[in-house]
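Asker: Take a look at this one; I'll ask things after.
No lab work stands behind these numbers, since they all come straight from the coordinates. Quantities reported herein were computed from a predicted structural model and do not represent experimental measurements. Cβ: placed from backbone, ideal geometry, glycine included. Neighbour counts: every protein chain shown.
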Amino acid sequence: KSGEKGFMNMKSQSSVKTSPGEPSDVEAIICPAQPDPVFLSNLHGDGFASAYEQYWDDKAMAEMLAMTGVFVHQFSGGFIMTQISFETAEILTFAVLPGQRGKGYGAALLKAAMLHAFNKGATRMLLEVAPDRKAALGLYRRAGFERTGVRKNYYAGPEGKRDAFLMETGLGTELNFR
């Protein structure tokens, strides 16, 4: 069951350094009090380049950041935006620049967001992901996420619509990233 997976022995921190098995040259992941919507919008646009991936412009990013419970973890080549509502955290968007993928940055960002959500009282984390995002699916599975459903016709593109997988993991009962 997805609710039986998560972090344990967590400590609060404002930035996350890499851990064993991750590249030593990954810069610190920060969680700024006032994230810059223009910076995030630029990263989002560069990280989501295909016709199916929906780019959030400066205005859309500012609107997302203004919502209650939204936080961002970032470094110069990517970010993850999550919203916490009561015991549930949801990944709203997650972008790593193409040239930075496969280097451990995504795992570091995801770990930082999961740790932050746990420390804020979340007991589970949710997300949607396109079925063809193989690297993302692998990362989420390693973090303890399990597929819980399908959102039909979630993503729109020039060749029609495609589905999204719904995924979930628990926070706080067992170590993730196995």
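Asker: If Lys and Arg each add +1 and Asp and Glu each add -1, what is the summed charge of the other residues whose beta carbon sits under 13 Å from the beta carbon of Leu166?
Answerer: In short, -1.
Asker: So, one more: Over all distinct alpha-carbon pairs, what is the Kirkwood Rh of segment 105-178 in angstrom?
Answerer: 13.1 Å
Asker: Please give the net charge around Met125, taking every other residue with its beta carbon less than 9 angstrom from that of Met125, where Lys and Arg add +1 and Asp and Glu add -1.
Answerer: -1
Asker: Apply the Debye scattering formula to segment 51-178, with a single equal point scatterer on each alpha-carbon and no solvent, then give log10 I(q)/I(0) at q = 0.10, 0.16 Å⁻¹.
Answerer: With no solvent term, the Cα-only Debye profile gives -0.31, -0.83.
Asker: Can you grab the distance from the C-alpha centre of segment 105-119 to the C-alpha centre of segment 34-90, Å, no decimals?
Answerer: Centre-to-centre (Cα) distance: 15 Å.
Asker: I'd like to compare 143-151, 118-126: which one has the highest average count of other Cβ atoms within 10 Å, and what's the full order after that?
Answerer: Output ranking for 143-151, 118-126: 118-126, 143-151.
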